[in-house]
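Structure first, then comments.
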């Protein structure tokens with residue numbers, strides 16, 4: 001057995017480890033979900049967070065292994081080797097590795113035959129521990145994608161450890177902090193009508209200015225102190241809606257003044273019982289230590305929102321404000337500061353998504369949804385490497401003569417557990433994640449390759465439609481990528497139609513418009529998808545260099561029964577015609593809809609009446625294309 005080497009900076013490393021104050025506290029509850037997620041996603045029976053001491057290993061969190069079954073001496077620890085090198089240390093078969101073949105963890109009751117670990121690094125850059133997964137069977141197939149997932153999970157663990165370090169550091173300063181609070185001159189007079197308030201500490205932050213807001217670390221500590229007494233409390237998280245737009249349109253100077261005024265108003269509204277914190281950017285928090293009623297806490301949050309958003313002037317200009325709030329109460333929604341603040345933040349996220357300008361109270365459903373999204377994001381990484389994505393094709397027909405004009409390529413996920421998943425189940429997670437660029441490039445290449453085959457086998461002027469992810473429109477190489485893909489498959493530019501939504505165009509207007517102009521100049525057709533459901537104006541439509549608008553199925557679905565929906569479709573077709581644009585109607589399911597659209601002058605249509613989205617081989621058989629399949633294993 002080869003003992004792990006000691007780092008030259010081990011003394012400094014141990015000093016950094018001591019700042020987490022882990023001695024004698026047992027496993028950390030905040031890390032338990034992370035190790036469980038690791039075991040599930042990476043399909044490993046054992047996952048652990050190990051902190052490496054001078055001669056022993058502290059098991060901060062684990063699943064699948066009993067601490068009593070493991071010799072936690074540093075000399076036999078796999079993780080003690082991990083912290084001596086950067087990146088992921090992978091031992092695919094411990095029995096064939098000279099460092100570990102006679103290790104008691106391998107030959108003894110634990111029977112570890114596979115190990116992969118990532119160092120956990122302190123803010124000073126010292127590897128204080130490692131996040132690892134293990135198995136009692138070798139894993140020669142552990143891939144680069146698996147390593148990336150392990151790194152991502154390690155970052156989650158490191159973030160939670162960092163919050164503990166912050167709490168420990170703040171605890172050491174609590175006496176001095178209290179003295180500072182008590183010694184402050186009482187220059188602020190609380191509002192007499194105010195039902196809530198805050199003890200305060202001045203800060204000298206250039207953005208918020210000198211206010212009564214605690215910085216994030218001190219606020220977390222104050223929350224932990226309050227909750228440790230076991231009494232009721234509530235956390236209110238507040239966020240300025242559209243603050244990015246204020247900075248972008250009015251300038252950062254105005255934005256800073258708005259932040260300062262919001263902080264001042266919070267301080268004026270509140271009294272001595274509560275704590276105000278400036279969390280980050282445009283986000284504030286209020287700790288109410290006497291409330292255990294969801295109704296009362298929500299009422300307080302909505303009162304704060306109302307009072308803060310009263311008329312606000314900067315440099316004689318009125319700045320309209322909207323503020324959303326998330327509410328969590330102890331002990332119902334959590335008894336430690338990290339959990340309660342995290343849950344209030346989840347409620348804030350839901351408020352901003354569904355009821356901006358209002359307060360939303362946390363529920364366990366929000367946490368389950370957040371965990372589900374996290375697991376889904378990790379599973380999407382595995383779907384990429386395992387080739388689980390497929391393209392289906394839905395035909396598009398000319399309403400005038402019934403001829404096949406092309407198809408829209410639609411992604412599907414053949415999930416090993418849940419079967420075939422439609423885009424609604426995963427596209428939003430894919431679009432907002434790091435995989436959007438690689439998935440988008442694969443879809444473009446796969447669709448163009450298939451269209452080129454069909455054109456070579458008698459499909460004539462067949463056109464393929466491809467939806468773009470938001471991330472693709474935010475990079476500078478999309479045009480080069482599209483042209484390269486077309487050339488690689490011998491496909492003329494007009495055979496490709498790229499689809500973007502109205503809101504994507506508006507969110508990144510200048511950059512997106514420039515990319516679209518370049519693509520249009522290259523001869524590629526462009527379409528605005530789901531038209532009529534977003535916020536595009538006539539002036540936007542005039543400036544966007546598209547060839548076509550696609551009328552959303554929500555208008556088509558009831559147009560034969562609803563005069564209002566029929567009027568909307570009529571107006572959209574007329575609008576497109578006035579701009580010289582083509583129109584395609586989506587979601588056609590009846591002959592009555594087809595007839596009305598033809599009468600209104602809509603040129604093309606797709607929907608179940610003409611054909612559902614199907615795999616390439618079924619599409620080819622249905623429309624007599626008789627093309628060869630793409631080579632096996634053609635995946636991302």
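What the table shows:
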read-out	value
Residue match in segment 363-376 (condition: modelled with pLDDT under 90, under 24 Å from residue 156 (Cβ atoms), more than 19 Å from the chain's Cα centre (by Cα) and assigned to a loop (DSSP other than H, G, I, E, B))	yes
Residue among 16, 80, 61, 48 that is outside any loop (DSSP other than H, G, I, E, B), under 21 Å from residue 145 (Cα atoms) and at pLDDT 85 or above	48
Hey, residue 299 in the same structural domain as residue 330 (by TED's automatic domain parsing) and over 30 Å from residue 161 (Cβ atoms) or not	yes
Residue in segment 446-456 that is in the same structural domain as residue 500 (by TED's automatic domain parsing), outside any helix (DSSP H, G or I) and more than 26 Å from residue 148 (Cα to Cα) present	no
Tally, over segment 16-55, of residues that are surrounded by fewer than 18 Cβ atoms within 10 Å (Cβ to Cβ), over 18 Å from residue 122 (Cβ atoms) and in contact with a helix residue (DSSP H, G or I) (Cβ under 6 Å, 6 or more places away or on another chain)	1
Unmet criterion (only one of (1) out of contact with any helix residue (DSSP H, G or I) (no Cβ under 9 Å at 6 or more places or on another chain); (2) surrounded by fewer than 17 Cβ atoms within 10 Å (Cβ to Cβ); (3) more than 14 Å from residue 31 (Cβ to Cβ)) for residue 135	(2)
Identity of the residue in segment 612-636, under 34 Å from the mean Cα position of the chain (by Cα) and modelled with pLDDT of 90 or more, that ends up farthest from residue 437 (Cα to Cα)	612
Test: residue in segment 333-344 that is at pLDDT 85 or above and either more than 22 Å from the chain's Cα centre (by Cα) or in the same structural domain as residue 550 (by TED's automatic domain parsing) (or both)	yes
From 273, 257, residue being in a loop (DSSP other than H, G, I, E, B) and either closer than 26 Å to residue 222 by Cα or in contact (Cβ under 8 Å) with a residue 12 or more places away in the chain (or both)	273
Residue 587 being within 38 Å of the chain's Cα centre (by Cα) and touching a residue at least 12 places away in the same chain (Cβ under 8 Å)	yes
Matching residues in segment 547-584 - criterion: being crowded, with 19+ Cβ neighbours inside 10 Å, modelled with pLDDT under 90 and either within 19 Å of residue 498 (Cβ to Cβ) or within 30 Å of the chain's Cα centre (by Cα) (or both)	552, 576
Selected residue (criterion: farthest from residue 455 (Cα to Cα)) from residues of segment 399-419 that are loosely packed, with under 14 Cβ neighbours inside 10 Å and touching a residue at least 24 places away in the same chain (Cβ under 8 Å)	416
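The values are calculated or read from the model by the stated rules, or taken from the named source; none is laboratory data. Because the structure is a prediction, the values reported are computed rather than measured. Don't worry about glycine lacking a Cβ; one is built from the backbone with ideal geometry, like all the others, and counts go over all protein chains shown.
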